Amino acid sequence: MRLPRRSRAPRVEMLSRPGCHLCEQMLRVVSQQVPDVVVRDIDAERRAGVMDEGEHDGWTTQVPVLLVDGEPVARWEIDPADLRTALSSGRRR
C-alpha cells in the first residue's frame, strides 16, 4: 500500500523597504494567509552584503515583490484570490 506524499508548504518571502506604503498593504493581505511570511528589507540586505548591488538595483523600483519558493509572483500588489493561486501552484511534493 502506498501512502500519499505530504506536500510541503511553499517558502513565502516579501521584498520590502522601510516606509513603503505598498509594502505595508501587501503584507496585510499576505499575512492573512501566510502568517510566517519572511519580510526581507532589500536596503538592509545590501548594506550587510547579503544582496549585491546589481540584485539590489534590479529590485529597488519593484518593491514590494512577493516570492514563492524564490520565484516572483507579484509586484506592488496582490489580491487574496491571486495569492491563493500562487500558493497552491507553489506547493511541491
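The values are calculated or read from the model by the stated rules, or taken from the named source; none is laboratory data. Source: prediction; values computed, not measured. Virtual Cβ from ideal backbone geometry, glycine too; neighbours counted across all protein chains shown.
Points worth noting:
- Complete set of residues in region 20-35 that are touching a residue at least 24 places away in the same chain (Cβ under 8 Å) and farther than 18 Å from Asp82 by Cβ: Cys20
- Looking only at residues of region 42-62 that are over 17 Å from Ala86 (Cβ atoms) and touching a strand residue (DSSP E or B) at 6+ places or on another chain (Cβ under 6 Å), we find that the one that is surrounded by the most Cβ atoms within 10 Å (Cβ to Cβ) is Ile42.
- Region 1-55 - residue that is over 17 Å from Val73 (Cα atoms) and in a strand (DSSP E or B) and, of those, modelled with the lowest pLDDT: Arg8
- Ala74 hydrophobic (A, V, I, L, M, F, W, C), out of contact with any Leu (no Cβ under 8 Å at 6 or more places or on another chain) and outside any loop (DSSP other than H, G, I, E, B): no
- Members of region 77-88 found to be in a helix (DSSP H, G or I), surrounded by fewer than 17 Cβ atoms within 10 Å (Cβ to Cβ) and touching a residue at least 12 places away in the same chain (Cβ under 8 Å), listed by number: Pro80, Arg84
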